[in-house]
Amino acid sequence: CLLLLSSFPIPSCPSGKPVEILLLTAAAAARSEPGFTVLRAASKLFSPFSLGFVLTHFLTCGEIIFRVLLLEKLFTSPFQGAFPGQFVHGLEAVMQGGTCWCWLQPTDVCVSPQLQPEQLDCGAAHLQHPLAIVNPVTATPIFTYSGLTAVAVASVNNYTVVFLGTASGGLLKINLDSTMKVISRRSISVAYGEPVHPIMQFDPSDSTYLYLMTSYQMTRVKVAACNQYPTCTECLAAADAYCGWCTMETRCSLQHECMNFTGANFWASASEGVKQCPSMTILEPEINIDKENPALIIQINGTIPNLNGTNISCDYGNNIRTVARVAGDYVNQFIYCSLLSREKYPAFPDDQDHVVVETALRVNSKNIIRANFTIYDCKRTGNIYPKREKIDCPRIVPASLDPMPTGVSRDITISLANATFSKVNEFPESFSLFVFCVQLHTSEKTDLFPVNLQLKDRPDRFIDSPEMMTVEVYNCATGSADCSQCLGREDLGHRCVWSESSSSCRLQGEPPQTSDVCPAPEIKKVRPECNGGTLLTIRGRNMGRRFSDVLGAVRIGSVQCTPLPDRYVVSEAIVCQTGEAQEAFSDVVTVNVSREGKSRERYSYVLPVVQSIAPLNGPKAGGTRVTIRGSKLDVGSELRVLVNTSKQCTDLSRNDSTITCTMPSAELTAAVPVCVQFENKSCASYDITFKFEKNPVISDINPKKSQISGGRTITLEGRGFELVQNVSMLVRGIGREQTSCRVHTDTVITCPSPAASNITVGSKPAPVDFYLNGRLYADDRPALDEEMYPEEALHISKFSLEYYADPQFFTAKKEKWIKHHPGEPLTLVIHKEPDSLGLESNEYQVKIGLISCEIQIVSDKVIHCSVNESLSTSERQLPVTIQVGKFNYTIAMLHLGGGETAIIVSIVICSILLVLSVVALFVFCTKSRRAERYWQKTLLQMEEMESQIREEIRKGFAELQTDMTDLTKELNRSQGIPFLEYKHFVTRTFFPKCSSLYEECYILPTQQLSSQVGSQVQETHPLLVGEWKIPENCRPNMEEGISLFSTLLNNKHFLIVFVHALEQQKDFAVRDRCNLASLLTIALHGKLEYYTSIMKDLLVDLIDASASKNPKLMLRRTESVVEKMLTNWMSICMYSYLRETVGEPFFLLICAIKQQINKGSIDAITGKARYTLNEEWLLRENIEAKPRNLNVSFQGCGMDSLSVRAMDTDTLSQVKEKILEAFCKNVPYSQWPRVEDVDLEWFATSTDSYILRDLDDTSVVEDGRKKLNTLAHYKVNLPALLVLPTDESVEHKKSHRQSHRKKVLPEIYLTRLLSTKGTLQKFLDDLFKAILSIRDDKPPVAVKYFFDFLEEQAEKRGITDPDTMHIWKTNSLPLRFWVNILKNPQFVFDIDKTDHIDACLSVIAQAFIDACSLSDLQLGKDSPTNKLLYAKEIPEYRKIVQRYYKQIHDMPPLSEQEMNAHLAEESRKYRNEFNTNVAMAEIYKYAKRYRSQIVAALDANPTTKRTQLQHKFEQLGTCTAAAAHLPVSPADRGRPGRQPHDEAHPAPAQV
C-alpha cells in the first residue's frame, strides 16, 4: 500500500522558485530493501515523466496525503553522514529502461554517476538521475481517500490547494491552511467510472484552469466557481482559497477578476473569515416620526476601502437618494446621511404603528451594503395591536389580575407609563387609574376578557398595551362534573365549593363553607393488560383534585403504579407506569385519595419467555432476518432486541409466540449474546447467542453480457452463500429494476439480468451491484470518511455487465408461413444474425404453440430443432416462437394441412365450380335485364338526393347570415351574475370536483326561496370556518401539536426542506403533491407574504433544475408542489380581477352558448344539437323543428306567468328545463328545483287537464321500444301549468331510435359550426379583450410582479431567448390559470355546466391556447375542426397576447413593499374564511407518514441542523394519536387508480 505525501513549497531553492515534492513510499520499504522509495522534485509542477512512472507502477490501493517536513535535510543527510551505514543509489534503470540497480559501494559492478554537492540541494533541477534513500520517510496522514490516480498542488492566499484525480472519474479539491489542516473540500464528477489519468497540469497561460484526462476525453476545469456564492457570508464561509469578496462590485470572484484588487480592502480573501464581510450599522435604528430634522449616522464594518473622495449617497429605493459624507479615520469610518423628507416616508401598513425602511450605501452609482431602520408613530400605536414596543410612547404597564367569578363586580388597577397628556384632559396626571367593571358574565368554565383604556371622546383611540392585559372570569357551575373537579379549581384561584345534596359546583359564599371532603374514587375503566413498566390508563370520577393527591396513591395489588404528571386529568384520568412484579399475578387497581376506590376488573401481570433463535449464524455485514420464539412475547409497550449489548435488531415485528427482526452489522466474527428487553428491563433471555461469520465473497460473475430485454442467467461464483437468505441484482444507471436471485449451493447463485433502458448499442459496460440480505455487497476496503463527506463516499463495483441488442431470428427464406402435414416429422432451421452475446445452446428455447422443439445443433448463424411428438390438428395455425431470457419473438406461423383429404376436397370443389358457372350464366342473363331497370331508378334517387343537398346548403347559408346579428338583443343583461363567494371559489379551484380530503362532493349553500322550491342544503366543507371536529380527550394534545407544527411551518428553512423531502419519495404521487400545495395555501392564507417568499424559493430551485436541461419545458405541467402553489397563488391574486373585469363577458358568453344551443333541435339521448362549436356534438341530421311559444304559470322565483319558447321536437324533460331556466334565470342554479321534482300539466280545456311525461301509455312503440314523447306528440297549443312536486322520476331508456328519413351526406352540416361561431364571435372577442388588456385603475399587480421575477431569474442564468420568456409567462398565467377558468366556469359562477357546454368551452380554450403559442399552425383539409374553426382569428389573437406581455413589461417595477402590502390586503379581506387547523392536521398526516425521511433531510441540511429543527419536529409525536381520530385523508389511505393529471390539477400546454 502506497503513501502519497503532500506537495509542500520549499523556499530554499537557488532559482527562487517554489519547488513541490512528491514522495511515494511502499509498505515493503520497512524491510530495508533497495528501490522502494522514490523522491522526485520538479519546479512549479510535477514533471509528466516522473508522475506518470510513479502512478503507473505504484498506485494500486488507497492512498494517504502527508505533510513533508525538512525534506531537504532528509534528502541530503545520507550524503553528509547523518545516517551512517546507509547508502544512496541512482535509479539509472528508470531513465534508460534497463534493469540494473547501481549501488555506491566498491564491490558493485556498475559505476554510479558522480554527484556534485550543489546537486544535493534541490534535486531535479540539476540531477540527471533520480535518487533514492534506503530508509523510508515516515509522516502523519492528514487526509485519506480510496482510489487516487493524479495530483496537482498550488499555493494560493496563505492556503495550500491540492487537486486529486480519482479512479471513479472525480476531481477532489482540498484546501489546507498553514498548519496543513483540511478546512474545506469540494468534488466534481468529470467522467463517472473512468479513472483520471496521472498527467494533470495547470494551464501555463492561465493558472486558474486545470487540464485533466480520462481514457476518452480531456477536460479543462476552472479551479473555482466563485460566482455560485451570491453573498459575502457564503463566499467567505466556503473557505475556498481562490475565492474572495469584491467589495465595490458586490460579488464573489477570483482575485484578479476584481477591479483594483491590489488596493487595500478592495478584495477580502477567505482566510480573513466571514467577520470581514462589509456591513453597516445604523446607530439610531428607531426614529420617532415627530423628531425634528433627523439624520442617519452609519458605522462602517468589515472590509471596505477608504471612501474619502468617492461619490457616496444613501439610497432609499424608488430613486430616492440623499447626500452623504464621510467622517472618521480610515479604520473607523462613519457616514452621516440626511433622512428622506417627511412627505417621502413610506406608507404605514394598516395593522402596524411602524414602517421598516431599507437604506443602502451607494458608492460610485452602485449599492454595496444595506441596513434597515424603523420609523414609528405614537399616535398610531393605540389604534392597532402593536408588533413592537415603543419606549417613549404612552402605554399600559402589564400586571396580572386575580380571577373573578361571573356576575360579580370587581375593581381593577391599571398602571400607565409615559402618560403625559398636557394638551387635553383625557386622563389625570397620576400614573394609576381605577376602573370599575360590573358583572362580567360567562357561560364557559373560564373566559379571558381583554382590558383596554379608551380616551375620552375619542372612540377610535386606545392607550397602547404591548402585552395585552386580560382578566379571567370563571363560572363554577360549568366544567365541574364531580367533587374533585370542583374543589380542584382552588389551585386556579377559583373560589368554588361542591354541594353534595345537589351534586353541583357553585361559588363559595361568605363565610366559607367547610365541606371539602370528596367521596371515594370511582374507577370505571382500566386498560390495558401488559407486562410491568407498561403505561396503565385509569378512568373514573373523584380521582384527586390535583396531581399531588394521586402521587403514590395508585397500586395494583401491592405493586406501586407511578402517575405521570403530564397525562393526569383532574378527577377523570390517571396514566401511570406500572412497577415491576416478581411473579405473575392478577389483582384489582386501587386509588387512595383520602378515601380508597377499587376497580371492578382485575389487572394481570404476565412474564414473557424466550426459548430459541433461528438461524443461529449470519454474515457480519448484517441483514440476516432472525426469528425468536417463545411465549407471551407480545406483552409490553416497548421492546428491544440487543445484539452484543449495544446494537439493536431492527425492523421488529411480533406476535404472541415469535419476534422477527433484522440483524445489525458487526466488526468481528464471533458468537455474541442476544438480549430481548421488555420495557427497558433486564434481559428475558440469557443463553441465546448468534454467531457472526465471515461475509460471503463473490469472486466472479459469468456471463458478463446480456441482451437488452434481460432475463439472461448470470451465475455468481464465490463462497459463503449458505449464509445468504435473499439476493438481488441491480445494474446501476440503466437497469429498470432489481431482479431476485436464487441461491443454489454454498458457491453458486444465479440471477436473471435486469432489462435495460436508456441505453444505446455499443455503450460501455455498466456497473453491477448485488444486495445480500438487503445489504450492498462490497469488498473489504479501508473505511472512507463517509460521515463527514457522505456525497463522496461512492461505492465502486468491481463487476460490470455489458448490454447488446436483442438477437435477431428468421427462417431460411424469411417467410412468415410454414406449411406442415400432420403425422410427418418436423425439423426447423432457424437462422440468426451474428451477435456478441456468446449464447449457449441451453439458453435457447423454441416452441411450436405449447410444444417444445428440441434443439439439436447450435452455431453462430443456424439453430436446428425437431419435434418428436405429433402436433395437434385441432388448431390449423400454431406460432413458432423462440425465447432467450425475457426476449420472446415469434418467427413464423406453422400452417397444418391434410394429405389425401386435400386432393379429394380439391376435386369436389372443381366439380361444384363447374355447376355454379352454368347456373351463374343463366342468372346473369336474368339479372342484366333487372339491372337496367334498377339503374333508371337509381338515377332518379340521385337526382332527389342532389336536390336535398342543395336545399340543405341553401338553409345553412341563410342561417349563417341571419344568425350573425348581435345576440345581445336576446340576452337579459339586467339579470344578476351568480358569482360564487371567495371561499367557495378557493375550495373549488384548489380541490375541484370532489374534496381530495374526504372524497365528499361539494354542495353550494342555498337560500330559502319559498316552501315550494325545495329544502335548503348547506355546504359543509372541512376547510371552511366551523367547529373543528375532534374528540375532546384529544383536543389539548392536538391543539398543542398543531400549534407547534404551525410554528415549524412558519420557519422558512423547515418548510423548504419539508417540501423537498416529500417530493423525493417515490410513492409521493402527483395527486399528493397537488393536495399538499393546496393545504399549504390554506394554512398560510393569512400570511401571503410569507407564502410568496416560500413559493419564490421553491421556484428558484425548479428553474435551476430546468435551466440545465430544457428551460422551455419549465412550468409545462403540474408535477411538483411549487407548480400547484403557483396555480393557487395566481387564483388568489387574480380573483378580484376575475370578478370585476372578466366575470361579466365570461358569463355572457356562457349564456350565449346555452341560448344558441337551445335555439335548435337537441337529441334527448346523446345531447347532440343543431347548433354547436364542437364537431363531435353536432347533430348531423335535418330534423324539421318549429318553435312554440307556451304560456306557462308557475308559483315560484318571484314570477307567476311567462311566455316560454320551445321546439315542437323537444321532449317533456327538455321543455321543463327551458321553463325552469326562464323562471329562475335571476336565481343561482343551486337554488333551482330539479326537473324530476316538477310536473307539466296541460289544460286542454277549462275542465280537462293532462300530466305530460316523457313516457306514458300514449307513447309510440317502434320495433318493440317506446319513443320519448314530444310537444308535437301531444299537439300542445294551449297554456300549460307547472306545479310542484310529484317526487316521480322518469328513467330514460337507452336510445334505439331509428330514423326513417332519407339520408344525406353528414358533412354538409358542418356549416352550422360556422353559423354558431359567427353568432358568438362578439362575445368571444369581448372575453379575450377583458383577459388580455390592462385597465388603468386596476393594473394586474400580481402578474407584473411574477413576470418581473421570471425575467430576473432568466437574466441571472444568462437566458436571453425571447421565446423562452414568452413560454414561461404563458405557462404561468394564461395556460395555468385562464384556461382552467375557461374550461370550468362552475369554479366562478353558480351555474349548471352541461357536457355540451363543456365541449364548446373546450374549443374556445383550444383557441386561447393556440393564441398563446409561438409555433405556426400547419393546417390542412384533414386538420380537426376545433383548430380550423378559429384559424383565421388566431394570428390577430397572438398579436393581442404579445401586446399584453409588452404592456406588462413596460409597467413600472413593483417594490417588495408594494407587493407585500397588496398581499397583506388580500390576507386581511379573507382572514377568517378557512379552518387552518384542519389544513395543518392534514399536512401533519404527510409529515407523520414520511417522518423518518423528513428527519433525515432536516439532519442533512446544515441550517436546519444548526437550529435543531429536527428535534423540534420529533416533539410532534403526541399529535400522532390525536390525528388518528380525524377523518381519513389521502395521506393515510391507499390510492388505487390514481391519475397523474386530471381536471383537479390541470397542466398547462407547452407553447
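Return the residues of the stretch 221-239 that are touching a helix residue (DSSP H, G or I) at 6+ places or on another chain (Cβ under 6 Å) and touching a residue at least 24 places away in the same chain (Cβ under 8 Å); say none if nothing qualifies. First the steps, then the outcome.
Here is the first cut: in the stretch 221-239, the residues touching a helix residue (DSSP H, G or I) at 6+ places or on another chain (Cβ under 6 Å) are 229, 233, 236-237, 239.
Matches in the stretch 221-239: 233, 236, 237, 239.
Rundown of residues vs (1) of a type in the set (D, E, K, R); (2) at pLDDT below 90; (3) over 27 Å from residue 231 (Cβ atoms), yes/no style:
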residue: 352; (1), (2), (3): no, yes, yes
residue: 364; (1), (2), (3): no, yes, no
residue: 371; (1), (2), (3): no, no, no
residue: 383; (1), (2), (3): no, yes, yes
residue: 395; (1), (2), (3): yes, yes, yes
residue: 401; (1), (2), (3): no, yes, yes
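How many residues are open to solvent by less than 40 Å² (accessible area, probe 1.4 Å) and under 37 Å from the mean Cα position of the chain (by Cα) when one looks only at the stretch 349-358? Qualifying residue count for the region: 2. When we screen 828, 801 for residues that are more than 30 Å from residue 770 (Cβ to Cβ), in a strand (DSSP E or B) and open to solvent by less than 50 Å² (accessible area, probe 1.4 Å), the only hit is 828.
Among the residues of the stretch 628-639, the ones that are surrounded by 19 or more Cβ atoms within 10 Å (Cβ to Cβ) and either on the phi > 0 side of the Ramachandran plot or over 37 Å from the mean Cα position of the chain (by Cα) (or both) come to 5 in all.
Of the residues making up the stretch 294-316, those that are crowded, with 17+ Cβ neighbours inside 10 Å and in contact with a strand residue (DSSP E or B) (Cβ under 8 Å, 6 or more places away or on another chain) are 296, 298, 300, 302, 303, 304, 307, 312, 313, 314, 315, 316. The stretch 153-220 holds strands (runs of 3 or more DSSP E) entirely within its bounds, and those carrying 1 or more residues that are without any contact (Cβ under 8 Å) to a residue 12 or more places away in the chain map to 209-213. Assuming residue 1216 fulfils every condition listed in (1) open to solvent by less than 30 Å² (accessible area, probe 1.4 Å); (2) in contact with an Asp or Glu (Cβ under 8 Å, 6 or more places away or on another chain) apart from one, which condition is it? Of everything listed in (1) open to solvent by less than 30 Å² (accessible area, probe 1.4 Å); (2) in contact with an Asp or Glu (Cβ under 8 Å, 6 or more places away or on another chain), residue 1216 misses just condition (2). Under the condition of being part of a helix (DSSP H, G or I), open to solvent by 30 Å² or more (accessible area, probe 1.4 Å) and of a type in the set (Asp, Glu), the residues counted in the stretch 1081-1130 number 4. Picking from residues in the stretch 656-688 that are open to solvent by 20 Å² or more (accessible area, probe 1.4 Å) and of a type in the set (A, V, I, L, M), the one that is farthest from residue 724 (Cα to Cα) is 684. Out of curiosity, is residue 1409 more than 22 Å from residue 1118 (Cα to Cα), open to solvent by 10 Å² or more (accessible area, probe 1.4 Å) and of a type outside the set (Lys, Arg)? In short, no.
Check the stretch 694-710 and report whether any residue there is surrounded by 14 or more Cβ atoms within 10 Å (Cβ to Cβ), touching a residue at least 60 places away in the same chain (Cβ under 8 Å) and in contact with a helix residue (DSSP H, G or I) (Cβ under 6 Å, 6 or more places away or on another chain). Yes. Looking at (1) surrounded by fewer than 20 Cβ atoms within 10 Å (Cβ to Cβ); (2) within 27 Å of residue 1366 (Cα to Cα); (3) out of contact with any helix residue (DSSP H, G or I) (no Cβ under 7 Å at 6 or more places or on another chain), which is the one condition that is false for residue 1144? So the condition that residue 1144 fails would be (2).
When the stretch 333-348 is limited to residues that are outside any loop (DSSP other than H, G, I, E, B) and open to solvent by less than 40 Å² (accessible area, probe 1.4 Å), the one that is nearest to residue 296 (Cα to Cα) turns out to be 337. Under the condition of being open to solvent by less than 30 Å² (accessible area, probe 1.4 Å) and touching a Cys at 6+ places or on another chain (Cβ under 9 Å), the residues counted in the stretch 1227-1243 number 3. Within the stretch 607-620, the presence of at least one residue that is farther than 30 Å from residue 695 by Cα and at pLDDT below 85 is confirmed. From 813, 819, which residue is more than 27 Å from residue 710 (Cβ to Cβ), in contact with a Leu (Cβ under 9 Å, 6 or more places away or on another chain) and charged (D, E, K, R)? On inspection, the qualifying residue turns out to be 819. Among the conditions (1) under 30 Å from residue 626 (Cα atoms); (2) surrounded by 14 or more Cβ atoms within 10 Å (Cβ to Cβ), the only one that residue 587 does not satisfy is (1). Going by what's in this entry, would residue 1427 be described as free of Cβ contacts under 8 Å to residues at least 24 places away in the same chain, charged (D, E, K, R) and in a helix (DSSP H, G or I)? Against the criterion (free of Cβ contacts under 8 Å to residues at least 24 places away in the same chain, charged (D, E, K, R) and in a helix (DSSP H, G or I)), residue 1427 qualifies.
The condition (being basic (Lys, Arg) and within 30 Å of residue 1415 (Cβ to Cβ)) is satisfied by just one residue among 1443, 1506: 1443. Checking each residue in the stretch 1333-1345 for being open to solvent by 20 Å² or more (accessible area, probe 1.4 Å) and touching a residue at least 60 places away in the same chain (Cβ under 8 Å) picks out 1333, 1334, 1335, 1338, 1339, 1341, 1345. Inside the stretch 607-616, residues that are crowded, with 16+ Cβ neighbours inside 10 Å and either under 40 Å from the mean Cα position of the chain (by Cα) or not β-branched (Val, Ile, Thr) (or both) make up a count of 1. The residues in the stretch 640-689 that are under 35 Å from the mean Cα position of the chain (by Cα) and hydrophobic (A, V, I, L, M, F, W, C) can be counted, and the count is 4. If you go through the stretch 1316-1360 and keep only what is closer than 15 Å to residue 1442 by Cα and in a loop (DSSP other than H, G, I, E, B), you end up with 1332, 1333, 1334. Counting residues in the stretch 1041-1058 that are touching a strand residue (DSSP E or B) at 6+ places or on another chain (Cβ under 8 Å) and not charged (D, E, K, R) gives zero.
Would you confirm, using the coordinates I've provided, whether residue 1381 is closer than 30 Å to residue 1110 by Cβ, open to solvent by less than 40 Å² (accessible area, probe 1.4 Å) and out of contact with any Lys or Arg (no Cβ under 8 Å at 6 or more places or on another chain)? When the stated conditions are applied, residue 1381 passes them. When the stretch 892-917 is filtered for residues that are part of a helix (DSSP H, G or I) and at pLDDT 85 or above, the ones remaining, listed by number, are 908, 909, 910, 911, 912, 913, 914, 915, 916, 917. The criterion of being among the small types (Gly, Ala, Ser), open to solvent by 30 Å² or more (accessible area, probe 1.4 Å) and out of contact with any helix residue (DSSP H, G or I) (no Cβ under 8 Å at 6 or more places or on another chain) holds for residue 1193.
The values are calculated or read from the model by the stated rules, or taken from the named source; none is laboratory data. Here the structure is a predicted model, which is why all the values come from computation and not from measurement. Every residue, glycine among them, receives a Cβ derived from its backbone with ideal geometry; neighbour counts consider all protein chains shown. Accessible surface areas use protein heavy atoms only, side chains included; no ligands, DNA or RNA. Shrake-Rupley method; radii C 1.70, N 1.55, O 1.52, S 1.80 Å.
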